[in-house]
Amino acid sequence: EKQRNRFLDGVFQDDVEGALWNYQMINKNRVNSIPDGLSIYKAIAIDPAVTSSELSDETGIISGGKASNGHYYIFLDRSGIYSPLTWGNIVAQEYRKGYNKVIGEANNGGDLIESNLKAVDPSISYQKVWASSGKIKRAEPVAALYEQGLVHHVGYFTQLESEMTEYTGSDGEKSPNRLDALVWLINFLLMMEEAANIIPTYKLRPTRI
């Protein structure tokens, strides 16, 4: 009902106290397509679920890129409840469309992610990232990029945007798998040297986030 009100009727809910995003912040930067003539470093981020039953958490799969204009574009949300083989195949199919890197959190099954992907497609370029801070702390610089108008959703991602605008990090709150993957993705693109080489202004190397 909430999504129907928002996307069909244009009725926005009140901002959630403690959430880093609101719908207006996302909507003002939304685009229908990526501007022509941009060079883009593209990556896919995975936040895997531990199990794959009907009651399991979703595996977050978010893809996007950093462009030569200094902006970030979110292309795709393929998150869902999958077996490891299924999400491995989904990621491999997307990767073959011209992505540069697949990333996954080493703290949460990093070796499993890599071995699963390599079993599906050995050509995948995979890189681990590490969590050195909590979810909200990691998300703050990403939300700041949205506030600056530097992150654009290419189209609508209803479930991802619901997590973004509702998650506060309160005790007992369900882990936001789509949001986690988004935060990993943009932090990686911000810090990764290969992506930084597209835009000479950025000279950041670390992959520890």
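The values are calculated or read from the model by the stated rules, or taken from the named source; none is laboratory data. As the structure is a computational prediction, the values presented were derived from the model and not from experiment. Positions of Cβ are backbone-derived with ideal geometry, glycine not excepted, and every protein chain shown enters the neighbour counts. SASA here: full protein model, heavy atoms, side chains in, ligands and nucleic acids out. Shrake-Rupley method; radii C 1.70, N 1.55, O 1.52, S 1.80 Å.
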When Lys and Arg each count +1 and Asp and Glu each count -1, what net charge do the other residues less than 15 Å away from residue 46, Cβ to Cβ, add up to?
-4
Working out 0.36 nm times the residue gap between residue 135 and residue 23, then minus their Cα-Cα distance, what length gain in nm do you get to one decimal?
38.3 nm
Counting Lys and Arg as +1 and Asp and Glu as -1 over every other residue whose Cβ sits under 10 Å from the Cβ of residue 176, the net charge comes to -4
Stokes-Einstein D (µm²/s) once Rh is taken as the Kirkwood radius of the range 103-173 over alpha-carbon pairs, at 37 °C in 0.692 mPa s:
222
Apply 1/(1 + (r/R0)^6) to the Cβ-Cβ distance of residue 111 and residue 39, taking R0 = 41 Å, and write down the FRET efficiency to the nearest 0.05.
0.80
Cut-off under 5 Å, modelled amide H: who pairs with residue 59 long-range
49, 80, 81, 82
Between residue 131 and residues 5 or more places away or on another chain, the pairs with built amide H atoms under 5 Å apart involve 106, 107
How much length would be gained if the chain were fully extended between residue 128 and residue 93, taking 0.36 nm per residue of separation minus their Cα-Cα distance, in nm to one decimal?
10.6 nm
The range 128-168 scanned against label point 7 Å out from residue 31 along Cα→C-beta; backbone N under 11 Å for 150-155
Give me the net charge of residue 72's neighbourhood, meaning all other residues with Cβ under 14 Å from the Cβ of residue 72; Lys, Arg count +1, Asp, Glu -1.
+2
Cross-link partners of residue 118 among lysines (Cα-Cα below 24 Å; sequence separation of 8 or more within a chain)
42, 97, 101, 128
So residue 86 and residue 144, fully extended at 0.36 nm per residue minus their Cα-Cα distance, gain in nm 17.5 nm
Rolling a 1.4 angstrom probe over the protein chains, ignoring ligands and nucleic acids, what is the accessible area of residue 96 in square angstrom, nearest 10?
140
